[in-house]
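So the structure is just underneath, and the comments pick up after that.
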Amino acid sequence: MENLTPPTKLVQIEPLRKASSIHTASTENQLNPKPVTDIQLPPIPSDGWVYAMKTYALSRKLLGFLYTTHSYGATRRWLMATFLPDKILYRWKPYQRGGCNRCGSCCKIVFKCPFYYEDGKTTACMVYTTKHAVPPCVTFPVDPQDLREVQREVAPAPCPFYFEGAPEHPTTWGAIKAELRAEWRKRKSKLKEAFDF
Ligand code: SF4
Ligand code: SF4
């Protein structure tokens, strides 16, 4: 006869977990930012207005070369965010900790960015989650040197980002050289295969 005694202990079935990210939640949000909901941002008047404001910001940055070291740090960040492949640009992201508290201090270094908005309670960037997002702002901090530069500029206000650990190639130049070497090895082995030497 079949034994109908109920099991004395129920088995807890674990829900399937998503593969855990190598980034913190804050860094995930930075890499895939969601629009802010705690502030009513003014509408962007037009694409032309955005380009005019970007031109104004660029001219202020260029003028800054005459009197502030921040222009050099900002240019370094812009060059990296614009030209580096993601593999090199984002190599510090798995080690990034802390996060942005939207204090707005870095949007007011030397001059107030025309896309910066505050309502008395909090702050936000008008273009951060739009097609007009400014790459160096979205990728900040690229590496410890980049972070140190902004933290020095906004001090004594704290910018709570920090890094824990370091990637295999901490310096940008080291990472570029490693990528070039890897690419060369790949091509060499393909040539060897093709010509059987
Ligand atoms: S200074 Fe740091 S915390 Fe403040 S808005 Fe800029 S990135 Fe965010
Ligand atoms: S995050 Fe936005 S408001 Fe701040 S500096 Fe960058 S573009 Fe300007």
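The values are calculated or read from the model by the stated rules, or taken from the named source; none is laboratory data. Remember, it's a predicted structure, so these values are computed and weren't measured experimentally. Backbone-built Cβ (ideal geometry, glycine too); neighbour counts: all protein chains shown.
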Which one is nearest to Y90 (Cα to Cα), of the residues in the range 146-170 that are part of a helix (DSSP H, G or I) and touching a residue at least 40 places away in the same chain (Cβ under 8 Å)?
D146
Residue count, the range 82-111, condition in a helix (DSSP H, G or I), away from ligand 2 (no atom under 11 Å from the Cβ) and surrounded by 18 or more Cβ atoms within 10 Å (Cβ to Cβ), comes to 4
So Q151 passes all but one of these: (1) more than 16 Å from ligand 2 (Cβ to nearest atom); (2) at pLDDT 95 or above; (3) polar (S, T, N, Q). Which condition number does it fail?
(1)
Starting from residues that are surrounded by fewer than 18 Cβ atoms within 10 Å (Cβ to Cβ) and within 15 Å of ligand 2 (Cβ to nearest atom), keep the ones in the range 154-165 and report whichever is modelled with the highest pLDDT.
V154
Scan the range 130-139 and give yes if some residue there is closer than 21 Å to P85 by Cβ, polar (S, T, N, Q) and either out of contact with any His (no Cβ under 7 Å at 6 or more places or on another chain) or buried (at least 17 other Cβ atoms within 10 Å of the Cβ) (or both), otherwise no.
yes
Could you tell me how many of the residues in the range 112-140 are out of contact with any strand residue (DSSP E or B) (no Cβ under 7 Å at 6 or more places or on another chain), assigned to a loop (DSSP other than H, G, I, E, B) and either within 10 Å of ligand 2 (Cβ to nearest atom) or within 20 Å of K34 (Cβ to Cβ) (or both)?
15
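Mind telling me which of the residues Y56, Y116, Y51 ends up being at pLDDT 95 or above and either buried (at least 18 other Cβ atoms within 10 Å of the Cβ) or touching a Gly at 6+ places or on another chain (Cβ under 7 Å) (or both)?
Y116
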Taking the stated definitions as given, is L180 within 16 Å of the chain's Cα centre (by Cα) and of a type outside the set (S, T, Y)?
no
For Q30: the one exception among (1) surrounded by 10 or more Cβ atoms within 10 Å (Cβ to Cβ); (2) modelled with pLDDT under 95; (3) in a loop (DSSP other than H, G, I, E, B):
(3)
Among the residues of the range 101-155 satisfying the criterion of being basic (K, R) and more than 28 Å from A166 (Cα to Cα), which is nearest to ligand 1 (Cβ to nearest atom)?
K108
List pairs: first in the range 20-40 and farther than 14 Å from A133 by Cβ, second of a type in the set (A, V, I, L, M) and outside any loop (DSSP other than H, G, I, E, B), Cβ under 9 Å, 6+ apart or cross-chain?
H23/L31; D38/A124; I39/A124
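Quick one: how many residues across the range 70-84 are touching a residue at least 40 places away in the same chain (Cβ under 8 Å) and out of contact with any Cys (no Cβ under 9 Å at 6 or more places or on another chain)?
Number satisfying all stated conditions: 8.
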Which residue pairs have Cβ atoms under 6 Å apart, sit 6 or more places apart or on different chains, and have a first residue in the range 100-122 that is in contact (Cβ under 8 Å) with a residue 12 or more places away in the chain and a second that is of a type in the set (F, W, Y) and near ligand 2 (Cβ under 10 Å from one of its atoms)?
C107/Y116
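Yes or no, residue by residue, for (1) modelled with pLDDT under 95; (2) within 24 Å of T129 (Cβ to Cβ):
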| position | (1), (2) |
| --- | --- |
| K9 | yes, no |
| L16 | yes, no |
| P45 | no, yes |
| G64 | no, no |
